[in-house]
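Visitor: First the structure, then my questions, so here it is.
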Amino acid sequence: MEKHARIFVPGGDTLIGAALRRRLAFQRFTGLVGTPPGEPDLCSAPEVDDFFRRARPEYVFLAAGKSGGIRANQLFPADLMLDNLLSECHVIDAAHRHGVKKLLYIASSCSYPKHCPQPMRVESLMTGPLEPTNDAYATAKIAGITLCQAYARQHGANFISGIPANAFGLEDDFSPEGGHVIPALLAKIHKAKVESLPSVPIWGTGAPRREFIFADDLADACLFVMQEYDDAATPINLGAGEDLSIRETAELIREVVGYTGELAFDSTKPDGMPLKSLDSSPLIRMGWRAQTSFAKALLLTYEAFQNELRKSTQEGIHVRAAV
């Protein structure tokens, strides 16, 4: 990509989308189009088509689609599936019709079968049942991968797919309903510290293992494969290569937050997949490595969470003063 190329990041206000915009700016790409709040409604085909007609993006990083943790997937499976299906269908089709040079669709590790061999290889996609707690969302992500492959086969489109590990970082969703493992635990353990609670309830046994990746490292990996990877038929895993148990993750978060109470794991609640670790050896062989240690990434994420809290508190004070 040339530095002045027109680049569109659908889902620019998501965790990964925001990280991509930061990374593109850091690398001095100057042609970003459709950045929030100028992004079209991705669930509206006419809006998306009109945007592509006017902005003429050359490269697309498709990071759109609502997501959430186990609780959100239990409460809102139809919302999550529909939002992802509509946004990916509208963007991928418009990208083809308006001559986008290359598109990277960012899928999810939830796309893999629940009991596939670990670490997960792309050959395992669609070889078994999905994890029931997020099967609707995962099905939509699989549809996005397959749609990119279909446009490549039928039209020769250079539309590739990447499957990231569990991402976390700045501008994350720290709510108990929508947050993934790390932001939800950060918020919960911080609350327990502030309120001097003796323990923190945590869903599941703590035994499942997850591979995490800092969102800014993931954004760097996305730029790398956009430049270096062209196999539209084969998705590529985007992982940092290290997994931790939920219990180990919670313990590290407790240290970062400075909480001294008990972590109370509730085995009556679902665990989700027992292990999610990606085989990212193709990416690593191409020369990419994550640059941020897990400990540093946790600290940066916690600092971002605290900044958001301070900002919310100040805005609340201003609102009350105005009233």
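Since every read-out is calculated from the coordinates, none of them should be taken as a lab result. Nothing here was measured: the structure is a model prediction, and the numbers come from that model. Quick reminder, even Gly has a Cβ in these numbers, built from the backbone with ideal geometry, and neighbours come from all protein chains shown.
Visitor: Hey, can you grab everything whose amide H is under 5 Å from the amide H of ALA167? Only 5+ residues off in sequence or another chain; H modelled, so Pro and N-termini drop out.
Guide: It is ILE213, by chain and number.
Visitor: Build a GNM of the chain with springs between Cα atoms under 10 Å: which of THR35, THR301, THR127 gets the top mean-square fluctuation?
Guide: Result for the chain, Cα springs under 10 Å: THR127 fluctuates most.
Visitor: List the residues, sorted by chain then number, that are 5 or more residues from LEU62 or on another chain and whose placed amide H is less than 5 Å from its amide H.
Guide: So LEU62 has HN proximity to LEU104, TYR105, ILE106.
Visitor: Pairs to check: LYS3/LYS276; LYS102/LYS188; LYS102/LYS141. Give those whose C-alpha atoms are more than 29 Å from each other in this structure.
Guide: In this structure, LYS3/LYS276; LYS102/LYS188 lie more than 29 Å apart at Cα.
Visitor: Between the range 110-141 and the range 1-78, how many Å separate their Cα centres?
Guide: Taking the Cα centre of the range 1-78 as reference, the centre of the range 110-141 is 25 Å away.
Visitor: If you don't mind, another one. For the range 49-115, which trypsin sites (Lys or Arg not before Pro) pass both filters: DSSP loop (anything but H, G, I, E, B) and at most 15 other C-beta atoms within 10 Å?
Guide: Of the trypsin sites (Lys or Arg not before Pro), the ones in loops of the range 49-115 whose Cβ has at most 15 other Cβ atoms within 10 Å are LYS101.
Visitor: Using the Karplus curve 6.51 cos²θ - 1.76 cosθ + 1.60 with θ = phi - 60°, work out ³J(HN,Hα) for each residue of the range 24-36 in order, rounded to whole Hz, and write x for Gly and Pro.
Guide: Each residue of the range 24-36 in turn: 4, 5, 4, 8, 6, 7, 10, x, 5, 10, x, 6, x Hz.
Visitor: At most 15 other Cβ atoms within 10 Å and a DSSP loop assignment: could you name the trypsin sites (Lys or Arg not before Pro) in the range 4-33 that fit?
Guide: Sparse-neighbourhood loop trypsin sites (Lys or Arg not before Pro): ARG28.
Visitor: Still on this structure, I have one more. Choose one answer from ALA240, ALA304, ALA63: the residue with the largest mean-square fluctuation in a GNM of the chain with alpha-carbon springs under 10 Å.
Guide: ALA304
Visitor: With contacts defined as alpha carbon pairs under 8 Å and 6 or more residues apart, what's the relative contact order of the chain in percent?
Guide: Working: 604 pairs, mean separation 59.3, N = 323.
Contact order relative to length: 18 percent.
Visitor: In what sequence do CYS110, CYS43 fall when counting other Cβ within 10 Å, fewest first?
Guide: Sorted ascending by nearby Cβ count, the order is CYS43, CYS110.
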